[in-house]
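Okay, so here's the structure we're looking at.
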């Protein structure tokens, strides 16, 4: 479900896409591929398209499925991607209540965190993106931002 829409006011075409998937990890790859394809078409560097975006987005969607929606396939995850001259913004929204992003990020400073089953995804999102934030409005949203330059 890929489309080009006009950026409000500027008249410039802005690549964007929106996907709604079931809380099933088998759904992750097709969304990641679609967003990566948008990034390639927008001229992001190859490393960003092959590493940063796929890893960070996979982690965000997996967290939404496993943590946010508790793996309940009756719940859905919405992914919205937008690319403009400044860069990429991807929002991943689940139907859960959210989590403390700072607490999850702090797990990476604890002894033995590499062996843990949790905490690495948030660490990777922060390491590979320029900005990561969360909000809880209609569900829990993780916003990933990557500047183009």
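Subtracting the Cα-Cα distance of residue 85 and residue 24 from 0.36 nm times their residue separation leaves 18.7 nm of extension gain. Each residue in 91, 40, 59 was given a count of other beta-carbon atoms within 10 angstrom of its own, and listing them fewest first yields 40, 91, 59.
The gain in end-to-end length when the residue 130 to residue 51 segment is fully stretched comes to 27.1 nm, 0.36 nm per residue minus the alpha carbon separation.
FYI, it's all coordinate maths here, none of it is from the lab. Small disclaimer: the values here were computed from a predicted structure and weren't measured. Glycine gets a Cβ as well: all are built from the backbone with ideal geometry, and neighbour counts include every protein chain shown.
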